[in-house]
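Novice: My questions will all concern the structure given below.
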Amino acid sequence: MRRRLPWAFLLLPLPVAFVSLVIGRYPISPGEVFASLTGGEVAEVVRALILRIRLPRIGAAALVGANLAVAGAVYQGVFRNPLVEGRLLGVSSGAGLGAALAFLLFPQPAVVQALAFAGGTMGVALTALLGWAFGAGVLVLVIAGVLVDSFLSAVLGIVKYTADPLGTLPAITYWLLGGLSGVRVPDLLPLGIASAIGLSFFLLARWRMNLLTLADQEGEALGVRVRPTRFLVVGMGTLLVASAVSVSGIVSWVGLLVPHAARAMVGPDYARLLPAAAGLGAALVVALDTLARTLLTAEIPLGVLTGLLGAPLFLVLFLRFLRERGGWR
């Protein structure tokens, strides 16, 4: 039973998604939702609302949550640091810079998504290049990621400074706050392809992930080529984070906190941790996105909600970490 428990987490987003289909500014009964999904008799406006607006948005939220959570769990293991997430490698700042340039030069949704993905990939490529040049150690990669993130954030600040304050700047700022209000069916194809590749890779390689949490010498002794494997794993994690951020904007804390929640429930073994993190992350982002579009008359940016939830939880996590280590010293 314990062996099957982590895979049961993958079913957790389903009831959350069904509730999300029901509630909203235009409430829909569960029967109408079921009829819309199965091709039954239902008003055309209800069918369009379910299939063209809410369902694509919920699908995007589930993929974004699963991607960020799995990538966060992987990064925490690879870098042997419990306080690591995708921003460490410059993914978020690179994606933000790419999106800002798109808003400045070619403000079409497809271009924004493509340049955000390219920017996130570029951020990690710079981090990997610096890390490889100086030995590809864990500490070197972390420092390289911090430097790249700071540099790209500064360049993003320059782009925002030069943007039109009445048109382009508000669009950039709102995108950086995170949200899924503009997601439609065509947006799911690139996100779905990237998610299928990345999530499948990690779920199939979950047994080997445990070896990357060991010291490099121990991993080599057990037959793993640590450095190439580490770069491959980081690259696949980047694919997940960049594809998620290109659709949702900057959604913080999910990649940091969800892996800890999954680890507390199923343990540190990546064979159980990764499916549990994927299910929890998907369910959490679907639930938060539902709150974002229903709590107030105006939609709340998703990144704001994750920040309001994540900061107190991070404080609890940090205090627990200090207590386990015996206090401040």
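Novice: What number, rounded to the nearest 500 deg cm²/dmol, is the helix-based mean residue ellipticity at 222 nm of the chain, given -39500 (n - 2.57) per DSSP H run of at least four residues and division by all its residues?
Specialist: Taken over the chain, the calculation gives -24500 deg cm²/dmol.
Novice: Could you work out how far the C-alpha centroid of the range 44-59 sits from that of the range 68-115, in angstrom?
Specialist: Spelled out, the Cα-based centre of one part sits 27 Å from the other.
Novice: Any idea what the dipole of the range 5-325 comes to, in debye rounded to 20, about its Cα centre with Lys/Arg Cβ at +1 and Asp/Glu Cβ at -1?
Specialist: Working: 20 positive and 14 negative charges, 70 e Å.
That gives the range 5-325 a dipole magnitude of about 340 debye.
Novice: Once Lys and Arg get +1 and Asp and Glu get -1 on their Cβ, which of 201, 267, 60 lies farthest toward the positive end of the dipole of the range 5-325?
Specialist: The residue sitting most towards the positive pole is 267.
Novice: Ok, one more. Can you give the longest run of the chain that contains no GluC sites (Glu not before Pro) sitting in a DSSP loop with at most 15 other Cβ atoms inside 10 Å? Each step should come with its number before you reach the end.
Specialist: Values: sites that count: 41, 299.
Here the longest run is 42-298.
Novice: Also, quick follow-up: Which residue, 21, 73, 9, has the largest displacement toward the positive end of the dipole of the range 1-89 when charges sit on each Cβ (Lys, Arg +1; Asp, Glu -1)?
Specialist: Working it through, the farthest residue towards the positive pole turns out to be 73.
Novice: Specify the inter-centroid distance of the range 170-195 and the range 290-304, based on alpha-carbon positions, in whole Å.
Specialist: 15
Novice: Calculate one ³J(HN,Hα) per residue across the range 147-152 by plugging θ = phi - 60° into the Karplus curve 6.51 cos²θ - 1.76 cosθ + 1.60, and present them in order as whole Hz with x for glycine and proline.
Specialist: Here the 3J(HN,Hα) series is 5, 5, 4, 5, 5, 5 Hz.
Quick note: the coordinates plus some simple rules give every number you see, no bench work behind them. Worth saying up front: this structure is predicted, and the values here are computed from it rather than measured. Cβ sites come from the backbone with ideal geometry, for glycine too, and all protein chains shown count toward neighbours.
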